[in-house]
Amino acid sequence: MSGDIARWLEGLGLDRYAETFARNDIDLEVVAELSDDDLKDLGLTLGHRRKLLKAIAALPDVQERPPASAPSRSKAEAERRQLTVMFVDLVGSTALSQRMDPEELSELIGGYQTAVAGQVARVEGHVARYMGDGVLAYFGYPRAHEDGADRAVRAGLAIVEMVSGLASPDGESLRVRVGIATGSVVVGDIIGEGAAQEEAVTGKTPNMAARLQAMAEPGQVVIDAMTHRLIGAAFVLEDLGRRELKGFAEPVAAWSVVGEGVTDSRFEATHAGALTRFIGREHELGLLHERWELAKGGEGQVVLLSGEAGIGKSRILQALREKIAGEPHFRLRYQCSPHHGNSAFFPIIQRLERAARFSGTDGPESKLDKLESLLRMSVENIEAVTPLFAALLSLPAADRYGVLNLTPEQRRDRTIEAMIGQVLALSRQRPVLFMLEDAHWIDPSTETFVGEMMARVADAAVLMVISYRPVYAPPWRRHPHLLLIALNRLSRKQGIEIVRAAGGHALADTVIDQIITRADGVPLYVEELTKSIIEVGKSISDPEARDRIPATLQALLIARLDQLGEAKETAQVGSVFGREFSFGLLTAVADLPADEIKVNLERLVQSELVFKRGAVPDAKYTFKHALFQDTAYETLLLRRRRQLHARIAEILERDFPEIMATEPETLAHHFSRAGNADKAVRYLTLFADKTAAVYAHTEAVAVLDQALAEAE
C-alpha cells in the first residue's frame, strides 16, 4: 500500500510528500479521511493542499461513498454544454481474472483505478464512474476549463505511462486503451439511487469516446475530430483515417496521440495554420516598438500587456517579433501554464529544456552535456552555475560537480541570481526580447524571478513584455521604466476587416453586421464566428448558423460562467430576457429572494460579465458580450428555457402594460419561445400594425410572414 500511495502522489506531481506520508503511516485507505487541517500539519502548502483534496475526492472509495447530507438536485439544474469525455479500459483484464486470486485481482484493479484517478485529478478532470476495469472521466464538468480537450489528452498520455509502471503478480506490465471525444451533451440529471447515484451525460459524445477506446491499440490514446481541432498543434498526432464505428452511420475520423508537440507558446499551439492579417493594433504595436528601440540603446524597458481572453495579446507579440525579425537579438519566451501554478519555475524549466534541445532518448549525462553547451553562450563560471540549473531540471549532477550543500531558500535565491545573470550576459552580446505570456497562471517562484529581473534591466539592452488577463494583479508596478498597455475592443470598422481577412468576403452585409454585434470587438470572437458560419455554409438567418457558438469558444465562455458560483443561475435567467434585463423583471421571474439576486448581480458586475446602469431597484443590466448571453442561454435545457420564457411573457402581460403596448414584439418573442403559438401570433399581428402605422411596410410584411409561420 505504501507503494500505491507513492505512485498516486507521483501522478499528482506531489511525490516530494511520499516520505512524509510513509513516516506518518498514511496509505490510500487513510488518505481519504484527511482534512485540510491534517494536511497543513503535515507541512503542505495551501496550493498543494487544495490539489490533494481534489484528488482525494476522485478516489474510487470516496466516489462510491454517498455524501452526508448532500442536497438533492432537481432535473431543472441539468445543463447543456460542451464536454470532453474519456474512456479508459484495462487491456487483458479477463485473462488476469482467470489466473489471479480474486483478492489479488481486486488490489491490482484498485491500484490501476487509483493511478487513473490521480492523473484525471491532476488536470482537474472529474471521474464520473468506475466500471470494473473501465473508467469514465469528464473534462468540462462540473467545472469548465477553456482547455478541457487539452487537459483530457494530457491525462490520457499520463495514464498510459503511469499504468505501464504497474505489473501483475507474474511481472507482466499493465496496459490500457484510451478513447477521447468532445461534443455537446446534456449533463447533470440524476439517475440511480443511494450510492449508485450519478450525474448522467446524454448525447453521442460518450458513445464516441467508448467506440474510439474500443478501436485503440494497447497503450494508445485515440481522439475524435472535434478534440483534434481544439488541441491544435499542442500534440503530435498520427492520422488513423476514417473508421467504421458501431452505432455511427458515417465513418468517423480518428487520430492517435503520439506525444506532446514542441511549441513555444499556447498561441502557437492553437494557431498552427496561417494567421489572419494583423488588424487594429497599430498604435499599441507602435508603443511596443518604441520601447524596443529604447532597450536596444541600453535603456531597459518593461511593458505589462493586459487584456481579456481573445483580445489579441499574443497576436500583438507575434506582430512585434515579425517586425524585428531582421534585427540581431535574442528572443527568450516563457509560457505560464494553467496546470502548473504550483510548480516552481515551470516556465523557465520548459524554456531551458527546449533551448537545450532535450529529447526523450537523452540520458542524464547527455542532458548535462547539452545544458553545459547552452550555458556556455552566456555563463563564464560553468562549474558554479550548471549545478543550479541541473537541480532546477532534476538532473543528477553530483558526480560531475559535487553536492550542493544549500538550504532550499539558498538554492532558490542563487538560482534566481544565476537566471538573471544569464539574461544580462546575453544582453551584453545583443538586445534581448524577454516575453512572459499568461502571467495570470504564474507560479510564485517565477513571479519572484520576474520581479527581481525588472529591477535589474534598467540599464541593460532588455525589453521585458509580460501579458496577462485583468483577473491578475501584477505586483510589479513601481518601476520608472515600466509601461502599462491595456488592450481594448476593436472598432466596428476593424471588426469588419477581420471578417474579410478570415475568409468572409462573400458574406452578406447583414451577416457581417450580426457577427460584429455578437463578437463585440473581441478579435478572437470575430474570427471564430466568421469561420464557424463559413463552415456551416448557410445564411446567418438559418438557426443552425445564427445560434451556433464555435466549439473553439464554448469551453472558454462556459468556464467564465462556471467561475460565478451561485451567480451563474442569475446570469442564466437574465439571459432569457436577452442582452439587457432589469432588476425588477429579474426578481419577478427568478426563484430567489431579492437580496440574494442583488448579491449575485454584483458578482456578475465585478466579474465584468455584465454592465450596470442606475441603482437598485431601477437598475438595468447588459451582458458585456452578446456571446456571454448566448452561452448562458445555451446551457439551459430546452424545457427550462420554455418555462422561463412562459413566465416572463405572463408577467409582462399581467404587470407591465406599458411594455405590452409599446413592445408587442417582446411578448411575441417570449410566447413563441414558450411554445404558445396563439399568443405569439396575436402579438406579432399587433407589432405588424404598429410597424405599418409608421409606413414601414417592408418590415410589416416580414413580421406578418413570421406570424404566418407561427400559425402554421
(message) Take the residues in segment 241-264 that are without any contact (Cβ under 8 Å) to a residue 24 or more places away in the chain and part of a strand (DSSP E or B); name whichever of them is least open to solvent (accessible area, probe 1.4 Å).
(response) 241
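Residue-by-condition table, conditions (1) closer than 21 Å to residue 352 by Cα; (2) open to solvent by less than 70 Å² (accessible area, probe 1.4 Å):
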residue	(1), (2)
431	yes, yes
443	yes, yes
478	no, no
488	no, no
501	no, yes
504	no, yes
508	no, yes
(message) Name the residue that is farthest from residue 30 (Cα to Cα), counting only residues in segment 41-63 that are open to solvent by less than 40 Å² (accessible area, probe 1.4 Å) and at pLDDT below 70.
(response) 47
(request) Working only within segment 367-422, note down all residues that are exposed (fewer than 14 other Cβ atoms within 10 Å of the Cβ) and not in a helix (DSSP H, G or I). (result) 376, 377, 380, 381, 394, 396, 402, 403, 405, 407
(message) Testing residue 647 on (1) basic (Lys, Arg); (2) open to solvent by less than 30 Å² (accessible area, probe 1.4 Å); (3) more than 31 Å from the chain's Cα centre (by Cα), one condition comes back false. Which one is that?
(response) (2)
(message) For segment 72-131, which positions are over 19 Å from residue 220 (Cα atoms), assigned to a helix (DSSP H, G or I) and among the β-branched types (Val, Ile, Thr)?
(response) 94, 109, 114
(message) Just the residues that are among the charged types (D, E, K, R) and either under 21 Å from residue 628 (Cβ atoms) or part of a helix (DSSP H, G or I) (or both), please, taken from segment 298-320.
(response) 308, 313, 315
(request) Please verify whether segment 123-136 includes one or more residues that are more than 18 Å from the chain's Cα centre (by Cα), hydroxyl-bearing (Ser, Thr, Tyr) and either buried (at least 20 other Cβ atoms within 10 Å of the Cβ) or over 22 Å from residue 341 (Cβ atoms) (or both). (result) yes
(request) Could you tell me which of the residues 169, 218 is modelled with pLDDT of 90 or more and part of a loop (DSSP other than H, G, I, E, B)? (result) 218
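Would you say residue 343 is in a loop (DSSP other than H, G, I, E, B), over 25 Å from residue 461 (Cβ atoms) and more than 28 Å from the chain's Cα centre (by Cα)? Before you say what the answer is, go through the steps one by one.
Working: in a loop (DSSP other than H, G, I, E, B): yes; over 25 Å from residue 461 (Cβ atoms): yes; more than 28 Å from the chain's Cα centre (by Cα): no.
Spelling it out, it is not the case that residue 343 is in a loop (DSSP other than H, G, I, E, B), over 25 Å from residue 461 (Cβ atoms) and more than 28 Å from the chain's Cα centre (by Cα).
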(request) Could you give me the residue pairs with C-beta distances under 7 Å whose first residue belongs to segment 363-378 and is within 13 Å of residue 352 (Cα to Cα), whose second residue is open to solvent by 70 Å² or more (accessible area, probe 1.4 Å) wherever it lies, and which are 6+ apart or on separate chains? (result) 368/400; 370/357
(request) May I ask you to say which residue of 590, 594 is open to solvent by less than 30 Å² (accessible area, probe 1.4 Å), of a type in the set (Gly, Ala, Ser), more than 27 Å from residue 497 (Cβ to Cβ) and at pLDDT 85 or above? (result) 590
(request) Considering each residue of segment 521-553, count those that are among the polar types (S, T, N, Q) and at pLDDT 80 or above, and give that number. (result) 1
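Could you check how many residues of segment 629-677 are more than 30 Å from residue 551 (Cβ to Cβ), acidic (Asp, Glu) and at pLDDT below 90?
To start, the set of residues in segment 629-677 that are more than 30 Å from residue 551 (Cβ to Cβ) comprises 646-647, 649-668, 671, 676-677.
When the remaining residues are screened for being acidic (Asp, Glu), the result is 650, 653, 655, 658, 663, 665.
Next cut, at pLDDT below 90 only: 653, 655, 658, 663, 665.
Result for segment 629-677: 5.
The values are calculated or read from the model by the stated rules, or taken from the named source; none is laboratory data. Note that this is a predicted model, so its numbers are computed, not measured. Note that each Cβ is placed from the backbone with ideal geometry, even for glycine, and that neighbours are counted across all protein chains shown. SASA here: full protein model, heavy atoms, side chains in, ligands and nucleic acids out. Shrake-Rupley method; radii C 1.70, N 1.55, O 1.52, S 1.80 Å.
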